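Worksheet: the structure to be examined is printed underneath.
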Amino acid sequence: MKKSRFSDSQILSILKQAEGGPPVPERCREHGMSSATFYKWRAKTKSTGQRMCTNVCSGAIASNRYYPITRST
């Protein structure tokens, strides 16, 4: 999986800025990203909640679905 250009905290701050600010295309131009990426991030955070965004944005939840992490005792 390709590594994201933006950290999880940056993703959350971009999403929060767009809530009450300028239109989404302008916000995306400021950060050098596409509108599709913005809407994908927004869909992921709304479906799982912002508390779990760090796992979703990094892809940990998707990969754990197929390869569960087990603890060795």
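Each value in this text was obtained by applying a stated rule to the coordinates, not by laboratory testing. For clarity, every value in this text was computed on a predicted model and none was experimentally measured.
Read phi for every residue in the range 33-40 and hand back ³J(HN,Hα) as whole Hz from Karplus 6.51 cos²θ - 1.76 cosθ + 1.60, θ = phi - 60°, with x for Gly and Pro.
9, 8, 5, 4, 5, 4, 5, 5
Give a residue-ordered list of calculated ³J(HN,Hα) values for the range 7-20 (Karplus: 6.51 cos²θ - 1.76 cosθ + 1.60, θ = phi - 60°; whole Hz; x for Gly, Pro).
These are the phi-based 3J(HN,Hα) values: 7, 4, 5, 5, 4, 5, 5, 5, 5, 5, 5, 7, 4, x Hz.
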